[in-house]
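**Student:** Here it is, the structure in full.
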């Protein structure tokens, strides 16, 4: 369970995040959506303890992320940022093996190897395992990083704009993979997305933000309505429906 | 599903054999260098000559190991394989400390101070600098290698400029005495100092070895390492303190040797093709000692002492580095 | 009274005026050299300091002093300039072979090259017992600048003017080979001309006053930050700024420890270094 309590982040006089309360629990995909600078990534990075809040707390399974030992947290929450450029040259397998670091501290057991194999299989990366990351395409590299998160095997997975720089096909594959994390592995996935339609189609729950505040929270059908979209994006849109999910026609407005 | 997973060969598992072979080869080279150094052209009293040479071998091993391991650590925490403690101004600082101390106390008076007290003083200043570097630069410039590098170059330039200034104020006779302290010399190492240095370096190495896996994770970058549960700030701080000890001890012991760590660590990365510290640290450590002993051997036997190991290493080290850089780029 | 005035006048014409002219020429030459190198190599960390030019010049100076000690100063200057040209040329050759001209790798390679030259200089000087003399040579200093000993710097003035003449072409070359070729410019030749000009002028400065550290790195960075990268516009500004900075440094060098003089290179190394470091951390530390 991810439990956000009166969380505030300020830079100087500018408040970029002000989130009094938010609870995300159970298996499923929760999408954070909003315009640029709405505070989605800030919220996610604080929850992943990569950024210190100005005040307030985020609890993951009851552990305060600012104070709990980082190593313990690493077994409960995995975070993947959008910038994934490594200074070291790794093979895909080496990267995925790092997913087991929180448990083995670098000395991999047979079980760890088994989980690494499973993660590689899950993401269909087995044939790429010996390849170096810098030899792969952007989509393959993205998959390798997701595989490392799968190998880390945490209940909570935080993904910051995982579709950035992916073409249509790879974006669709990545979203399908993210769905599987929730459906097949029972994980609590929180994902920052800038495309409202992708969120509406794949997420179980949408949290919409604007100017650092949560302005709407609910199922896609509850959140993706014209009035809320105007609040969130400041844009008048038409909404239609596809397979029971709302679709925003933002380009006709 | 798990059944087919088990049936699959572990393609892409990192195979340590190559790294182990590299380590073994370097180890053999080290033994050869030591043997050559100890036994070549022995004259006069055998026990005296052997003792003298053994002392030099220990000193050179300490220096080579210290500088190389320090460089590897520095590469990991700065996320860059080209920065070295020397490029960040450690060497220049050492020269500055020596020059300023000589100016303040007078060279001869300075050289008469108990070596151990001098050693402690120099160690303290260098460690202070390392922690300052961590505090001011590594944190603020995290990920911005260009900035860090430029800051280092500018800082080295500053230290060098100050040393030049002070050198001008010292009279020529004293300068000659000082000059001997500025370029690494293995001929005049104090025995007690050697013992103290060995203990310092050994302790530092134990700590390094214990954190080898954590260092692997830190090499992935700040966010990834944090996500894996590593306290990056603490690990970096500890690593920088270790860098300070591992650079300060050899430098205080025998003087500045630019390039040694840079040369050996990069050669080791190329040879082992891994960044894993459990392989790179021993390999660079032994390589550092080997290069130093080899260079000193060549100098003593073929240049009749009228030069210094540090100068030769600076010259060939620089050339080798440029070649490495070009090769690395072409791959 | 009259005698006193004569003396003052004499001091003015034999020492003060030559010194001031020398400072203006050297300061502007180093700033222009740094700016031109930055533009041509498309890397803001390349300057005579970081392209091996200064160290190569110093090596030439040492070799000249060791092997042709009785040669007149102009001959030594020629040797030094040739070394600076060769050193810079080697830098360019190595640069060609770098496939990915990473912004850090380029100056790093130049620094390494410089360090190799420097090691050779130190080695030679050490064997000849000239190490302290070497230290004196390489720290830039105007205290010995008198009438009859600084006139070589007029060559620098000519080279700097020539650099300005080519400024527009250097700007185009700095936009890349493809861009230059598209505009009908011979890219390689332009780069060679530019690097040759500034390498020569910094070598002459080394011969007459010694190494002036960091000026060529600091001034262009600050000037282009404020005024952009078009050489024709910023080159004069850089030249004037370099001259002013060196003048200030020289005044500092004469007053800080009056009546002794501190070498101006030292003042620059310390003050310029501090300023640059502060600027770097203030402007970029926040972003990072």
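Bear in mind these aren't lab numbers, they're just calculated from the coordinates by the rules spelled out. As the structure is a computational prediction, the values presented were derived from the model and not from experiment. Every residue, glycine among them, receives a Cβ derived from its backbone with ideal geometry; neighbour counts consider all protein chains shown.
**Student:** Label residue A:110 and residue C:189 with points 7 Å out from Cα along Cα→Cβ: what is the distance between them in nm?
**Tutor:** For residue A:110 paired with residue C:189, the spin-label model returns 7.4 nm.
**Student:** Under the definition of partner shielding as Cβ atoms of other protein chains within 10 Å of a residue Cβ, what is the mean value for peptide B:317-326?
**Tutor:** Counting other chains' Cβ atoms within 10 Å and averaging over B:317-326 gives 5.
**Student:** What is the fewest-to-most order of B:38, B:60, B:88 by other Cβ atoms lying within 10 Å of their Cβ?
**Tutor:** Ordered by Cβ neighbours within 10 Å, fewest first: B:38, B:88, B:60.
**Student:** Between residue B:135 and residue A:11, with labels modelled 7 Å along Cα→Cβ, what's the label distance in nm to one decimal, could you check?
**Tutor:** If labels sit at residue B:135 and residue A:11, their model points lie 2.6 nm apart.
**Student:** At R0 = 56 Å, how high is the FRET efficiency between residue B:169 and residue C:177 if r is their beta carbon distance? Nearest 0.05 is fine.
**Tutor:** 0.65
**Student:** For a quick protection proxy, order the peptides B:290-301, B:62-73 by their average other-Cβ count within 10 Å, most packed first.
**Tutor:** By packing density, highest mean first, the sequence is B:62-73, B:290-301.
**Student:** At q = 0.17 Å⁻¹, work out log10 I(q)/I(0) for segment B:33-100 with the Debye formula, treating every Cα as an identical point scatterer and leaving solvent out; two decimals please.
**Tutor:** With one equal scatterer per Cα and no solvent, log10 I(q)/I(0) is -0.76.
**Student:** If each residue's Cβ is checked for other Cβ atoms within 10 Å, how do C:10, C:49 rank with the fewest at the top?
**Tutor:** Least crowded to most crowded, the residues run C:10, C:49.
**Student:** Go from 0 up to the bin containing the longest alpha carbon distance in segment A:84-153, width 10 Å each, and give me the % of pairs per bin.
**Tutor:** Calculated over all Cα pairs of segment A:84-153, the distribution is 24, 57, 19, 0 percent.
**Student:** Here's a follow-up. At a Förster distance of 30 Å, what's the computed FRET efficiency of residue C:222 paired with residue C:98, Cβ-Cβ distance as r, to 0.05?
**Tutor:** Calculated transfer efficiency: 0.65.
**Student:** Could you tell me how many cubic angstrom of Cα convex hull volume the protein assembly as shown has per residue?
**Tutor:** It is 201 Å³ per residue.
**Student:** Give the dimensionless ratio obtained when the Cα radius of gyration of segment C:40-120 is divided by 2.2 N^0.38 Å.
**Tutor:** Working it through for segment C:40-120, the quotient is 1.17.
**Student:** Okay, moving on. What is the distance, in nm, between label points placed 7 Å from the Cα along the Cα-to-Cβ direction at residue A:168 and at residue C:248?
**Tutor:** A separation of 5.9 nm, rounded to one decimal place.
**Student:** If you don't mind, another one. For segment A:39-164, what is the largest minus smallest coordinate of the Cα atoms on each principal axis, given in angstrom and ordered from greatest to least?
**Tutor:** Reported extents, whole Å, longest axis first: 46, 33, 24.
**Student:** Hey, what's the Cα Rg ratio for segment C:153-286 versus the globular rule of thumb, 2.2 N^0.38 Å?
**Tutor:** Output field value: 1.20.
**Student:** While we're on this one: Over segment C:104-168, what lengths in whole Å, largest first, do the semi-axes of the equivalent ellipsoid take, defined as the square roots of 5 times the eigenvalues of the alpha-carbon gyration tensor?
**Tutor:** Semi-axes from the Cα gyration tensor: 28, 24, 9 Å.
**Student:** Going from the alpha-carbon gyration tensor of chain A, what semi-axes, largest first and in whole Å, does one get by taking the root of 5 times each eigenvalue?
**Tutor:** Whole-Å semi-axes of the equivalent ellipsoid: 30, 23, 16.
**Student:** Report, to two decimal places, the Cα Rg of chain C normalised by 2.2 N^0.38 Å (N = number of residues).
**Tutor:** Chain C yields a ratio of 1.01.
**Student:** Put one equal scatterer on each alpha carbon of segment A:1-89, apply the Debye formula with no solvent term, and list log10 I(q)/I(0) at q = 0.16, 0.18, 0.24 1/Å to two decimals.
**Tutor:** Relative scattering, expressed as log10 I(q)/I(0), comes to -0.68, -0.85, -1.36.
**Student:** Hey, fewest Cβ within 10 Å first, where do B:190, C:250 land in order?
**Tutor:** Ordered from fewest to most neighbouring Cβ atoms within 10 Å, B:190, C:250 come out as B:190, C:250.
**Student:** If you bin every alpha carbon distance in segment C:1-151 into 5 Å steps from zero, what whole percent lands in each bin?
**Tutor:** It works out to 2, 9, 14, 17, 17, 14, 11, 7, 4, 3, 2, 1, 0, 0, in whole percents.
**Student:** Based on the Cβ-Cβ distance of residue A:35 and residue B:203, what FRET efficiency does E = 1/(1 + (r/R0)^6) give at R0 = 56 Å, to the nearest 0.05?
**Tutor:** According to the calculation, E is roughly 0.55.
**Student:** For the protein assembly as shown, what proportion of DSSP beta bridges, expressed in % and rounded to the nearest 5, is antiparallel?
**Tutor:** Beta bridges within the protein assembly as shown, antiparallel portion: roughly 55 percent.
**Student:** Using only the alpha-carbon atoms, what does segment A:114-235 span along each of its principal axes? Please give whole angstrom values in decreasing order.
**Tutor:** Largest to smallest, the principal-axis extents are 50, 28, 22 Å.
**Student:** Okay, moving on. What is the mean number of Cβ atoms from other protein chains located within 10 Å of the Cβ atom of each residue in peptide B:269-280, rounded to a whole number?
**Tutor:** Partner Cβ neighbours, averaged per residue: 2.
**Student:** What ranking do B:246-253, A:147-154 get when scored by the average of other Cβ atoms within 10 Å per residue, highest first?
**Tutor:** Going by the mean number of other Cβ atoms within 10 Å, highest first, we get B:246-253, A:147-154.
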